[in-house]
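Before any comments, here is the structure.
The values are calculated or read from the model by the stated rules, or taken from the named source; none is laboratory data. Fair warning: this is a prediction, and the values are worked out from it, not measured in the lab. Glycine gets a Cβ as well: all are built from the backbone with ideal geometry, and neighbour counts include every protein chain shown. These area figures cover heavy atoms from the full protein model, side chains too; ligands, DNA and RNA do not enter into them. Shrake-Rupley method; radii C 1.70, N 1.55, O 1.52, S 1.80 Å.
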Amino acid sequence: MNELLKDIPLDNISIFKKDLFLLINIVNNIDIAYGNAKIEFIHDLVHFKRFIEEWNQKYPDLIINYFDNGIQFKIRILINEPDLKSLFINSAGNIEGLRAINNTNIEFKNNEYLDKLTEIMKTEMNLLCIDEENNENTLTFKHNDKNNKIELIFEKTDMLNPESPEFKICAYYALKQHKPEIDLQEHGTNFSFDTAYETQKGEGFGYERRRPLFNNFNK
């Protein structure tokens, strides 16, 4: 088990994984409808707003905001930490394979590393992680002045990989304090597309059975 998630029950991580996959799937399909000016977008946006409201109630330390830029429909993932240094000390510093911050190698066990962090981290923090197969992954965080929280800059493919640093950071903050009685999966049948977790196996439910979870991610 990754050091960051070692104290979190596996059942909770499994539930969060399904919720996160559901979120990414919904956003992906709404983005497609938005980009193609489909009439279903209006219907789906109404239900998405309700979904996000309940998400932010269930996971108050991992807030989701949504927006559009005239071309795409997107989300922001906001972590409830006051600054980048706190984020590193409380969570990101425990990610396995961490090698550098903002292109600066740091000996994390050195007593002087906190002073170095203060110098390196301003409004953005980039963490270089290397896995057991020597693959590199860069985690990027920015301080969001408007919300006074930390924004995680992410790729959808990383969010859908439970072994990625992005997923682990999200799981950590989502499950620090959460309301397990809120069932986000109940929203699955409200949309005009298939949203089921089982969709990736071709067994999903919904109004349509036409868009497996990963099919449209690169469109």
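Just so you know, in segment 102-120 the residues that are at pLDDT 75 or above and either open to solvent by 100 Å² or more (accessible area, probe 1.4 Å) or closer than 22 Å to residue 164 by Cβ (or both) include one that is farthest from the chain's Cα centre (by Cα), and it is 105. Can you find, within segment 141-169, the residue that is surrounded by the fewest Cβ atoms within 10 Å (Cβ to Cβ) among those that are under 18 Å from residue 4 (Cα atoms) and out of contact with any Phe, Trp or Tyr (no Cβ under 8 Å at 6 or more places or on another chain)? Restricting to residues being under 18 Å from residue 4 (Cα atoms) and out of contact with any Phe, Trp or Tyr (no Cβ under 8 Å at 6 or more places or on another chain), the top hit is 163. The set of residues in segment 144-175 being of a type in the set (A, V, I, L, M) and assigned to a helix (DSSP H, G or I) consists of 159, 169, 171, 174, 175. Scanning segment 36-57 for residues that are of a type outside the set (A, V, I, L, M), within 22 Å of the chain's Cα centre (by Cα) and either open to solvent by less than 50 Å² (accessible area, probe 1.4 Å) or farther than 24 Å from residue 78 by Cβ (or both) turns up 44, 47, 48, 51, 55, 56.
Any idea how many residues of segment 128-175 are within 19 Å of residue 57 (Cα to Cα) and free of Cβ contacts under 8 Å to residues at least 60 places away in the same chain? The qualifying residues number 0. Taking segment 10-67 as the range and being within 18 Å of residue 169 (Cβ to Cβ) and outside any helix (DSSP H, G or I) as the test, the residues that pass are 59, 60, 61, 62, 63, 64, 65. Of the residues making up segment 18-34, none is open to solvent by 50 Å² or more (accessible area, probe 1.4 Å) and among the small types (Gly, Ala, Ser).
Quick check, is residue 75 closer than 19 Å to residue 154 by Cα and either open to solvent by 10 Å² or more (accessible area, probe 1.4 Å) or not in a helix (DSSP H, G or I) (or both)? Spelling it out, residue 75 is indeed closer than 19 Å to residue 154 by Cα and either open to solvent by 10 Å² or more (accessible area, probe 1.4 Å) or not in a helix (DSSP H, G or I) (or both). Once segment 176-198 is narrowed to residues that are touching a residue at least 60 places away in the same chain (Cβ under 8 Å) and not in a loop (DSSP other than H, G, I, E, B), the residue that is farthest from residue 96 (Cα to Cα) is 190.
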